[in-house]
């Protein structure tokens, strides 16, 4: 199998390690938003992550890839049971959080003349007002309030949340630790797991 892995695909990479499938997957770095990208040979949408299977199928979207990979090691359950409403809720909100952070990162990487102040203000965590009504702050407030319910089990919900918080390495504006000490304590312990250390983003 082939799995493309720019930074946004970290969740799928962690999942492959937790499922002990790393020896069955060949990782490949690609460029995105590039008409000459090798990624387009696998996935015409140009989305990452992309999984190309040995039998010629293309699997796209992080969660769908993780579901696909989980079937090769079903004894490890990355997903919440249907009866576990809390984990399902956490997975959905963590997914929205990482989507917002990813938009923010992409916008800041554009030249200043092309950036959208509206998008940056919607997603940003660094604001002059602690009570600014931005998506990132609202979600971080929520996570801090429920962080005592988090555990260290590498479910997709936890992996997604940790991957989003881990972007602090690449995004100095993502200053969340001082305001969210319980969340920081959970994150520091969870991110010490080998699969997260092996996929830690470069600074």
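A straight chain from residue 31 to residue 189 at 0.36 nm per residue would run longer than the Cα-Cα distance by 53.7 nm.
Taken along the Cα-to-beta-carbon direction at a fixed 7 Å, the label points for residue 99 and residue 202 span 3.0 nm.
Take the alpha carbon gyration tensor of the stretch 133-181, find the square roots of its eigenvalues, order them as a ≥ b ≥ c, and report rounded if a/c is under 1.5; if not, report prolate when a/b exceeds b/c, else oblate. Oblate is the answer for the stretch 133-181, as a/c is 1.5 or above yet b/c matches or exceeds a/b.
One chain, two ends: residue 151 and residue 177. Fully extended at 0.36 nm per residue, the span grows by 7.5 nm beyond their Cα-Cα distance. Using r as the Cβ-Cβ distance of residue 57 and residue 81, and R0 as 45 Å, what FRET efficiency do you calculate, to the nearest 0.05? Once the sixth-power term is evaluated, E becomes 0.95. Quick note on the stretch 2-70: its Rg to Rh ratio, both from C-alpha atoms and Rh being the Kirkwood radius, is 0.93.
Laboratory data are not the source of any read-out in this text; all were calculated from the coordinates shown. These numbers were taken from a predicted model, which means no experiment stands behind them. When we count neighbours, we look across all protein chains shown, and the Cβ atoms used for this are built from the backbone with ideal geometry, even at glycine.
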